[in-house]
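Comments concern the structure below.
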Amino acid sequence: MGSDVLSLRIDHDLLDRIRQHAAKRGMSVQDYVVRTLMRDDFDERFKTAVDETEKFYGVT
């Protein structure tokens, strides 16, 4: 099993919020994000977020 690199450009305020969530759990930002992506319900939660965003912008 190999690995790849994922680079993100995110808003400063959002990064601060992620840092705060990670710090509460004693984790680095990278570990927090990876752990969040590995959650069993991530796919479902992501799809719901995309659906709600499309509905908000009238895409669907």
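Quick notes on this one:
- Value of D in µm² per second that Stokes-Einstein yields for the chain, Kirkwood Rh from Cα pairs, at 10 °C (1.306 mPa s): 117 µm²/s
- For segment 1-46, the set of trypsin sites (Lys or Arg not before Pro) satisfying both a DSSP loop assignment and a count of at most 12 other C-beta atoms within 10 Å is given as R9, R25, R39.
- What you get for segment 6-47, charging only the Cβ of Lys and Arg (+1) and of Asp and Glu (-1), is a dipole of about 120 debye around the Cα centre.
- The residues of the chain have, on average, 99 Å² of accessible surface per residue, using a 1.4 Å probe with all protein chains present.
- Carbon + sulfur, % of accessible area of the chain - ligands and nucleic acids excluded, 1.4 Å: 53 percent
The values are calculated or read from the model by the stated rules, or taken from the named source; none is laboratory data. Here the structure is a predicted model, which is why all the values come from computation and not from measurement. With ideal geometry, Cβ positions are generated from the backbone for all residues, glycine too; neighbour counts draw on all protein chains shown. These accessible areas exclude ligands, DNA and RNA; they are computed on the full protein's heavy atoms, side chains included. Shrake-Rupley method; radii C 1.70, N 1.55, O 1.52, S 1.80 Å.
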